[in-house]
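A.B. asks: One structure follows; several queries about it will come next.
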C-alpha cells in the first residue's frame, strides 16, 4: 500500500470513527431522554389511582393519624426539642410518650407549612409510586417479562391500598422494597453496598417503627442460607454475613432519642393481645373487597411457588414468604410488606412456568407470539428515563389536574360540623371517635385537648377499653361520662351512645347532619379528682 493510499484510507476512516463515537454519545443521551415503556407504566399509576379512582387523593387521608403527626412535627420545630411527654390529651397530660416517628413528623410538618395538604398528598403519591415502580423493576431485574411482572405489580399495588395512607409507614413500604432488592443483589453477587443497610436503619428507626421488618428479613435470610447449605445452594459464610448484618442494623437502631427504651416500648406494644383485639389495622383482613381478592390470589400463588422452590433446595424465598404471609393474615397492616417481599420470588416461579410453556413454541403459535412481544418489550421495561419523573413534576405544578384535597375528606370526618362549632369544641371536654379526635388535634391543637386519639400505644389498655365501652353505651357509661367530666359528645348516629344520650334527658342535640351528631350536656358535672385525670382546663398549654 502506497503512502497516498494510506492517507486516503485514513481520511475516509476518521470521519466514520468520529461518527461512531458521536452516535455512541447520542445513544447514551437518548437512553435518558427518550421515554421507555417503564416510564409510561410508572407515570400512569398516580394518574389512574389518584386522579380517576373513587376517592382520589382523599384515600391517602382516610386515617386521621396524619393530623397529629403534622402537629407533632410542628411542636418539635417550634420547641427545637424531642417530644417526651403527651401534648395532646387531657387524659394523661405530660405523661411519658414515645414520639417514635419524630423525623417523619418533621417531614410532614415542613411540607404542610409549605402548601398545606397538597404537599402531604404529593409525598404520599411519590412514595406509593416508588413502592410500585421499584417492586416492578426488581422483578424485571430477576428476569421476569412484562406479562409476568406487570400483572403481579398491579395486583401487589392493589393489595397494598388496604394500608395506603399518608402516614410514616409509607417510608417503611419504600425501604422494604429497596432493602429486599439490595439483599437479593448481594445474594447473587456479594458486595460492600449491602452494608448501606446499617445507616439506612439508623434513619429508618426515626422515621417509622417498621425498621423491625428489616431485622426480620435479614434474620430469615441468614436462616434460609444455613438450610440451603445442605443442598449446596449456599455457604456458612453467607449465613454468617446476614446474621452479622442483622446485628449491625439492630445496633444502629439504638441511634434514636429514646435509646433502648424505644425497643422495650415497641416490644410491649406489639406483643399486647388487647392491641390486636381493639385496634382496627392490627386485625386480620376481611376478604370481601376487590383489593383483598387480589391479595388472596397473591397469597395462594405464593404458597404454591414456595413449595416449588423448596423442592429445588431454595429456602430463603419460601421462609420470607411464609413469615410475611402469616404476619399479613394476623394483621392487615402487614399486607404491603408481604407484597414487597413475596412478589419477586413469585415472579421467579411464574417466569419459569412461562419459559417452559414458550420454549420451542412456533413463532406463529399463541405462545410464540406472546414470547415475541415479551422479548420486544423487555428493553423498554428495563430502562428508565427522565420521563419517569416529569409527570410527577407536572402533577406537583398542577399542570396535570388531580383532585387535590385541602382538608380531610368530609366523607369520613365531620369537617363542616367541626368548623361551625369551633368555639364549643375548643372549650369543652369532648368524647368522640379516635379518628375524629385526630382531626380535632389537627384543627385545634394546642388550643384543645382530647380524651382519646389514634395513639393507642400511649393510652394503654385501660383507657382504650373505657373508650370502647362508652362507644357501645355499656353498663357503666354514666360513670365514665362523669369520671372524665365530658360535656360534649361528637358521635356517629349508629353508635349506641348516641341513642342513650338522646333518651337520657341530660344531653341536648346541637347539630345533626345525618353522618355525625354533636350533643352538649345540659348541666356540666363537677370535675372529679382522680389519679388518672389531672384537673386541667381545656385551654391548658403544653
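The values are calculated or read from the model by the stated rules, or taken from the named source; none is laboratory data. If you're wondering where the values come from, they're calculated on a predicted model, not measured in any experiment. Counting neighbours? That spans all protein chains shown, and the Cβs are built from the backbone with ideal geometry, glycine included.
A.B. asks: Restricting to the stretch 379-430, count the residues that are under 30 Å from residue 519 (Cα atoms) and either in a helix (DSSP H, G or I) or without any contact (Cβ under 8 Å) to a residue 60 or more places away in the chain (or both).
C.D. replies: Keep residues of the stretch 379-430 that are under 30 Å from residue 519 (Cα atoms), which gives 405-430.
Now restrict to residues that are either in a helix (DSSP H, G or I) or without any contact (Cβ under 8 Å) to a residue 60 or more places away in the chain (or both): 410, 415-420, 422-426.
Residues in the stretch 379-430 being under 30 Å from residue 519 (Cα atoms) and either in a helix (DSSP H, G or I) or without any contact (Cβ under 8 Å) to a residue 60 or more places away in the chain (or both): 12 in total.
A.B. asks: Something else: Looking at (1) surrounded by fewer than 18 Cβ atoms within 10 Å (Cβ to Cβ); (2) farther than 17 Å from residue 165 by Cα, which is the one condition that is false for residue 403?
C.D. replies: (2)
A.B. asks: Report yes if residue 501 is over 37 Å from the mean Cα position of the chain (by Cα) and buried (at least 19 other Cβ atoms within 10 Å of the Cβ), otherwise no.
C.D. replies: Yes.
A.B. asks: Just to be sure, is residue 310 in contact (Cβ under 8 Å) with a residue 12 or more places away in the chain and out of contact with any strand residue (DSSP E or B) (no Cβ under 6 Å at 6 or more places or on another chain)?
C.D. replies: No, not satisfied.
A.B. asks: Considering only helices (runs of 4 or more DSSP H) fully contained in the stretch 272-363, which possess at least 3 residues that are over 27 Å from the mean Cα position of the chain (by Cα) and under 23 Å from residue 137 (Cβ atoms)?
C.D. replies: 335-358
A.B. asks: Restricting the search to the stretch 475-486, which residues are touching a helix residue (DSSP H, G or I) at 6+ places or on another chain (Cβ under 9 Å) and surrounded by 15 or more Cβ atoms within 10 Å (Cβ to Cβ)? Walk me through it before giving the result.
C.D. replies: Narrowing the stretch 475-486 to residues touching a helix residue (DSSP H, G or I) at 6+ places or on another chain (Cβ under 9 Å): 475-478, 480-481, 483-484, 486.
Passing the criteria: 477, 480, 481, 483, 484, 486.
A.B. asks: Looking at the stretch 472-514 only, could you name the residues that are part of a helix (DSSP H, G or I), within 21 Å of residue 412 (Cβ to Cβ) and modelled with pLDDT under 95?
C.D. replies: Hits for the stretch 472-514: nothing passes.
A.B. asks: Only one of these is touching a residue at least 60 places away in the same chain (Cβ under 8 Å) and not in a loop (DSSP other than H, G, I, E, B): 48, 68. Name it.
C.D. replies: Of 48, 68, the one residue that is touching a residue at least 60 places away in the same chain (Cβ under 8 Å) and not in a loop (DSSP other than H, G, I, E, B) is 68.
A.B. asks: Shifting gears a bit: Taking the stretch 479-503, which residues are without any contact (Cβ under 8 Å) to a residue 12 or more places away in the chain and over 23 Å from residue 420 (Cβ atoms)?
C.D. replies: 479, 503 - these are the residues of the stretch 479-503 that are without any contact (Cβ under 8 Å) to a residue 12 or more places away in the chain and over 23 Å from residue 420 (Cβ atoms).
A.B. asks: What single numbered condition from (1) out of contact with any strand residue (DSSP E or B) (no Cβ under 6 Å at 6 or more places or on another chain); (2) free of Cβ contacts under 8 Å to residues at least 40 places away in the same chain fails to hold for residue 508?
C.D. replies: (1)
A.B. asks: Inside the stretch 231-254, can you point out the residues that are touching a helix residue (DSSP H, G or I) at 6+ places or on another chain (Cβ under 7 Å), surrounded by 15 or more Cβ atoms within 10 Å (Cβ to Cβ) and in a loop (DSSP other than H, G, I, E, B)?
C.D. replies: Of everything in the stretch 231-254, those that are touching a helix residue (DSSP H, G or I) at 6+ places or on another chain (Cβ under 7 Å), surrounded by 15 or more Cβ atoms within 10 Å (Cβ to Cβ) and in a loop (DSSP other than H, G, I, E, B) turn out to be 234, 253.
A.B. asks: In the stretch 110-136, what residues are buried (at least 20 other Cβ atoms within 10 Å of the Cβ) and over 18 Å from the mean Cα position of the chain (by Cα)?
C.D. replies: Once the filter is applied, which keeps residues that are buried (at least 20 other Cβ atoms within 10 Å of the Cβ) and over 18 Å from the mean Cα position of the chain (by Cα), the stretch 110-136 yields only 112.
A.B. asks: State whether the residues of the stretch 208-220 include one that is free of Cβ contacts under 8 Å to residues at least 12 places away in the same chain and within 21 Å of residue 314 (Cβ to Cβ).
C.D. replies: Just the residues of the stretch 208-220 that are free of Cβ contacts under 8 Å to residues at least 12 places away in the same chain, to begin with: none.
No: the stretch 208-220 contains no residue that is free of Cβ contacts under 8 Å to residues at least 12 places away in the same chain and within 21 Å of residue 314 (Cβ to Cβ).
A.B. asks: Related question: Could you look through the stretch 68-88, keep only residues that are in contact with a strand residue (DSSP E or B) (Cβ under 7 Å, 6 or more places away or on another chain) and surrounded by fewer than 20 Cβ atoms within 10 Å (Cβ to Cβ), and pick out the one that is farthest from residue 446 (Cα to Cα)?
C.D. replies: Restricting to residues being in contact with a strand residue (DSSP E or B) (Cβ under 7 Å, 6 or more places away or on another chain) and surrounded by fewer than 20 Cβ atoms within 10 Å (Cβ to Cβ), the top hit is 84.
A.B. asks: Moving to a separate point now. Do we have any residue at all in the stretch 349-361 that's at pLDDT below 95 and more than 26 Å from residue 313 (Cβ to Cβ)?
C.D. replies: For the stretch 349-361, residues at pLDDT below 95 and more than 26 Å from residue 313 (Cβ to Cβ): present.
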